[in-house]
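J.: Dumping the structure here so I can ask a few things about it.
The values are calculated or read from the model by the stated rules, or taken from the named source; none is laboratory data. Quantities reported herein were computed from a predicted structural model and do not represent experimental measurements. Every residue, glycine among them, receives a Cβ derived from its backbone with ideal geometry; neighbour counts consider all protein chains shown.
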Amino acid sequence: MSFTEQSLGTRATFLLPSLKLKGQRGSGKILEQEVHDFLMANFGGYTAAAGNLFGYWKDQGGHDSYGEHREFTVALADQTKLPLLKDFLARLSRDIEEDCLYLETGQTVTLIYGQIT
C-alpha cells in the first residue's frame with residue numbers, strides 16, 4: 001500500500017467563551033465571524049468543537065470560576081505565526097472582557113492575558 005503524507009505542523013488549540021461568540025463587536029461584526037475571518041486569512045483553515053465543553057478553575061484571586069467554551073484548533077505549519085495568534089487572543093481577551101484565554105501549543109499550555117497582570 002502506498003500513500004502520500006503532508007505535515008501541517010504543530011497544533012494550536014484555544015478556548016473561547018461560547019456565549020460571547022454570538023456577541024456583536026463595535027464594528028457591527030459578530031465575534032464568531034471575526035474569529036472565522038482571522039483564522040481563515042492567517043492559517044488557511046481551522047476546526048471548531050462545540051458541545052458540552054466546560055471548565056472549572058481558580059482565578060488569580062483564588063476564587064472558583066466556571067466557563068462554557070468552544071474549542072478552536074489551527075495548524076502552525078510556520079512557527080512565526082504563533083505570536084500573531086497570541087496577539088489576536090490577547091486583543092480578543094481584552095475586547096470581550098475576559099481575564100485571559102486558554103491556549104495549548106504542542107505540549108505547552110498557556111494563559112494569554114489581554115493586559116499586563
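J.: Those residues that are among the basic types (Lys, Arg) and either over 17 Å from the mean Cα position of the chain (by Cα) or at pLDDT below 90 (or both), I need them from the range 40-81; list them, please.
T.: Of everything in the range 40-81, just one residue is among the basic types (Lys, Arg) and either over 17 Å from the mean Cα position of the chain (by Cα) or at pLDDT below 90 (or both), namely Lys58.
Conditions (1) surrounded by 13 or more Cβ atoms within 10 Å (Cβ to Cβ); (2) of a type in the set (Asp, Glu); (3) on the phi < 0 side of the Ramachandran plot; (4) more than 17 Å from the chain's Cα centre (by Cα), marked per residue:
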{"residue": "Ala12", "(1), (2), (3), (4)": "yes, no, yes, no"}
{"residue": "Ser27", "(1), (2), (3), (4)": "no, no, yes, yes"}
{"residue": "Glu34", "(1), (2), (3), (4)": "yes, yes, yes, no"}
{"residue": "Phe38", "(1), (2), (3), (4)": "yes, no, yes, no"}
{"residue": "Pro83", "(1), (2), (3), (4)": "no, no, yes, no"}
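J.: Being farther than 18 Å from Pro17 by Cα and of a type in the set (Val, Ile, Thr) is the filter here, so list the residues in the range 58-117 that pass it.
T.: Selection gives Thr80, Thr105, Thr108, Ile116, Thr117.
J.: While we're looking at this one, here's another question. Within the range 20-33, take every residue that is out of contact with any helix residue (DSSP H, G or I) (no Cβ under 7 Å at 6 or more places or on another chain) and modelled with pLDDT under 90 and give me the one that is nearest to Val74 (Cα to Cα). Working first, answer last.
T.: Filtering the range 20-33 for residues out of contact with any helix residue (DSSP H, G or I) (no Cβ under 7 Å at 6 or more places or on another chain) gives 24, 26-29, 33.
Narrowing the set further to residues that are modelled with pLDDT under 90 leaves 24, 26-29.
Numbers: Gln24: 23, Gly26: 26, Ser27: 25, Gly28: 25, Lys29: 22 Å.
Top of the filtered list is Lys29.
J.: Still on this structure, please answer the following. Could you list, in sequence order, the residues of the range 40-74 that are exposed (fewer than 14 other Cβ atoms within 10 Å of the Cβ) and among the hydroxyl-bearing types (Ser, Thr, Tyr)?
T.: Within the range 40-74, Thr47, Tyr56, Ser65, Tyr66 meet the criteria.
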